[in-house]
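*Asks:* Questions regarding the structure given below will be posed in turn.
The values are calculated or read from the model by the stated rules, or taken from the named source; none is laboratory data. Given the structure is predicted, the values throughout are model-derived calculations rather than measurements. Glycine gets a Cβ as well: all are built from the backbone with ideal geometry, and neighbour counts include every protein chain shown.
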Amino acid sequence: MSVPISWYLLLSAVLFAIGAIGALTRRNGISIFLSVELMLNAANLTLVAYARQWGQHTGQIIVFFVMAVAAAEAAVGLALFIAVFRQRRTIDVNRMNLLQG
Amino acid sequence: MLGLLWLIPILPFAGAAINGLLGKWFPKSVVTAVALGAPLASLVIALGCLWEYSHGSFPNGVYEQTLYAWTAGDLNIPVAFLLDHLSAVMLFIVTFVGFLIHVYSVGYMGHEEGYRRYFSYLNLFMSAMLMLVLGNNYLVMFVGWEGVGLCSYLLIGFYYDQPFPPYAGKKAFIVNRIGDFAFLVGMFALFAHFGSLTYHEIFPKIAADPGAVTGAPYALGLPLASFIALCFFVGAMGKSAQIPLYVWLPDAMAGPTPVSALIHAATMVTAGVYMVVRSNVIYQLAPGVSLFVAVIGAATAIFAASIGIAQTDIKKVLAYSTVSQLGYMFLAAGLGAYSAALFHVMTHAFFKALLFLGSGSVIHAMSGDQDMDHMGGLRKHLPATFITYVVGALAIAGVPGLAGFFSKDEILHAAAGSGHWVLWAVGLITAGLTAFYMFRSVYLTFFGQFRGTHEQEHHLHESPPSMTIPLWILAVGAVVSGWVGLPKVLSETNRFQDWLAPVILHPAGLAAAEHEMSTGAEWLLMVVTTLVALGGIYVAWANYGRDKGLAEGQHWAARLPVLHRLLLNKWYVDEIYDVLIVRPLAAISRFFWKVVDTFVIDGAINAGAFLTELTGDVGRFSTTGNVRNYALYFFLGVILLFWWIAFR
């Protein structure tokens, strides 16, 4: 008995919403980072769910790309946060407001 | 030599350019050499050209030299120079008198600041004036016409650090512009009808088929010929200072005196007369406009002469005298006596240049004082100036034998011969007034006791030779230049008239203007003219001779105080113009400035700027610098995007 696709999608939507709310509300840079990862993985879940549904591999292959990009992003993002922390002794994004117009 | 014709206007231009651009690094002697060399070279080439021209034979008496054709679309205007019987006369006057005044200027302007600037402008003027008289079409003439206007403006405002001269310069420029506009309209009409502005292409066409330009009304209810003639004459009114556009010329005396002599007496102001004589075919086909020209000329002549009798500034007297004599020229031109008009241009160039230069010599000796009330008895201190000035005054007054007598007599003769006795009478009265105000200035300046300050008296001196030699040469010219046009009663033929005959075309089916009279009547007219001139001199002597100054001399002023005040204040014309034209115009300008420009146009632009600024002020609250806000915008944007994709 297979799980209907709507369940996967629902789970994915819930995960994405949690990620989005976390990314918008958290002040800690690392937490934002984790929330973004959550959103990426919610998208990945949708992709593999459809790949299974239609019996095609395209979706699964794209997931690998997403994971590769996410890894690169994590590396760059963490490096940035370390650099910021060295400068300002904090990674609270509310304190990073140099782009004020 | 004729091949070098194009060099005549170009050389003074080069002189102006060299002195104007590089003269800063030259010593004064080099500046002088360039400034005198250019017009001298022009004079020499001009004399060579004239000699060769008068001894050669040319088709229709015309020598033309095309430099290049100025082409733009359908428009094809040759930039070409022309030597014919008319431009030959003008060429001689301009180069000869022009060179003498350059020489005089070296002495007169020697101590002035801006010596180099002065000569640069003066050379530029020569170039423009020569272009005006040598051009073979109206456009080249117009280029020169505008060029001399520019130089006139620059030289009137030469003493730019004083308040009045720049104002006078602007006045001259603006008043001239009114005339120039009409001149342009006339050229447009001419070009629209004939597709050409070249004299020898248009004039034969008009002369061969006068009906084409005199038939149906073209504009303003006038046929084409009359319309063009009227437009051209309005142009001439501005340049040649005729009523109602004469007001700039008396003020133009704010410039250095040699400029007044060259530009505002001898050459530039006669450009309008030259233009009318040049366009004689058109004027012959516009009898109404021609009569208008004659009436305006006569009115200007007597009006300006009446002002001249009350002025105390020696240059103002000469200025109004110039306006008056220009009126004479237009009187002649309007009556169809084109050769008489040009003859008076020539003789006037000599004696008026002489009188102005003489007054300049007096002013030089008086350390810049121009008020005749401060002069008197100068004949002992300035003998050369005195003799030459009196020769000039005799010439302009019309004493028999001198230049002015013959030319003025020919004009009055034309007026009488044409049957316009009112115009003749006006001309005759003007002749009397002319003799009166000229000898008034002679007596006030050179006779009696010196009335200036002690310091001025101590400083009185005769001018250097560079100033007196041109005076002597011009004095000879003021005597003999009339002899080339002796009337028929005195010689077998009027040589000046014969010389000019090829230029005066006669339209088909139109009789030439006739001014012939019986010999007895001619003699009678001549005697009357002479008596009037001598009468004017006598009245001047009775009032101002016998060692009287201005104060005691003005018997007539004491008896006619109202008239005297009117004349002294120039009939209040400047004030009337101020109320009727200048102030309303200023009010309209102020309306456009304060209301239309400042309020409407600037307001619209400022409102736009204000809106932009307001948008920015509101919008900048969105850029908090807080990264999480940006993330929120981004998120909302993505949602909107998906919304749009899903539900469009």
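*Asks:* Could you list all residues from the range A:47-101 that are within 14 Å of chain B (Cβ to nearest Cβ) and either on the phi > 0 side of the Ramachandran plot or part of a helix (DSSP H, G or I) (or both)?
*Replies:* If the condition is that a residue be within 14 Å of chain B (Cβ to nearest Cβ) and either on the phi > 0 side of the Ramachandran plot or part of a helix (DSSP H, G or I) (or both), then A:G77, A:L80, A:F81, A:V84, A:R88, A:V93, A:N94, A:R95 are the ones that fit.
*Asks:* Does the range A:6-24 contain any residue that is within 14 Å of another protein chain (Cβ to nearest Cβ), among the β-branched types (V, I, T) and closer than 23 Å to B:F634 by Cα?
*Replies:* Yes, the range A:6-24 contains at least one residue that is within 14 Å of another protein chain (Cβ to nearest Cβ), among the β-branched types (V, I, T) and closer than 23 Å to B:F634 by Cα.
*Asks:* Let me ask something else. Does B:G179 satisfy being over 30 Å from B:L47 (Cβ atoms), within 16 Å of the chain's Cα centre (by Cα) and not β-branched (V, I, T)?
*Replies:* Yes: the conditions hold for B:G179.
*Asks:* Taking the range B:481-525, which residues are modelled with pLDDT of 80 or more, of a type in the set (G, A, S) and more than 15 Å from B:D409 (Cα to Cα)?
*Replies:* B:A501
*Asks:* Let me ask something else. Has the range B:421-430 got any residue that is modelled with pLDDT under 90 and out of contact with any helix residue (DSSP H, G or I) (no Cβ under 6 Å at 6 or more places or on another chain)?
*Replies:* yes
*Asks:* Only residues that are of a type in the set (D, E, K, R), exposed (fewer than 14 other Cβ atoms within 10 Å of the Cβ) and at the interface with chain A (Cβ under 10 Å from one of its Cβ atoms): list them for the range B:613-635, please.
*Replies:* Residue satisfying the conditions is B:R620 alone.
*Asks:* Looking only at helices (runs of 4 or more DSSP H) that lie completely in the range B:582-647, which have at least 3 residues being among the aliphatic types (A, V, I, L, M) and at pLDDT below 90?
*Replies:* Those helices (runs of 4 or more DSSP H) span B:627-647.
*Asks:* Has the range B:585-601 got at least one residue that is of a type in the set (S, T, N, Q), without any contact (Cβ under 8 Å) to a residue 60 or more places away in the chain and within 14 Å of chain A (Cβ to nearest Cβ)?
*Replies:* no
*Asks:* Something else about it: Every residue in the range B:51-67 that is under 13 Å from B:L86 (Cα atoms) and in a helix (DSSP H, G or I), please.
*Replies:* Across the range B:51-67, the qualifying residues are B:Y53, B:S54, B:N60, B:G61.
*Asks:* Taking the condition among the small types (G, A, S), under 25 Å from B:Y338 (Cα atoms) and out of contact with any His (no Cβ under 7 Å at 6 or more places or on another chain), does B:S240 pass?
*Replies:* Yes, satisfied.
*Asks:* Tell me, which residue of the range B:107-133 that is more than 20 Å from B:A252 (Cα to Cα) and in contact with a Ser or Thr (Cβ under 6 Å, 6 or more places away or on another chain) is surrounded by the fewest Cβ atoms within 10 Å (Cβ to Cβ)?
*Replies:* Among them, the one singled out is B:G107.
*Asks:* Which count do you get for residues in the range B:70-124 that are under 28 Å from B:C49 (Cα atoms) and of a type in the set (D, E, K, R)?
*Replies:* Qualifying residue count for the region: 1.
*Asks:* Can you work out which of the residues in the range A:1-21 that are of a type in the set (G, A, S) and buried (at least 18 other Cβ atoms within 10 Å of the Cβ) is nearest to the chain's Cα centre (by Cα)?
*Replies:* Among those residues, the one meeting the criterion is A:G19.
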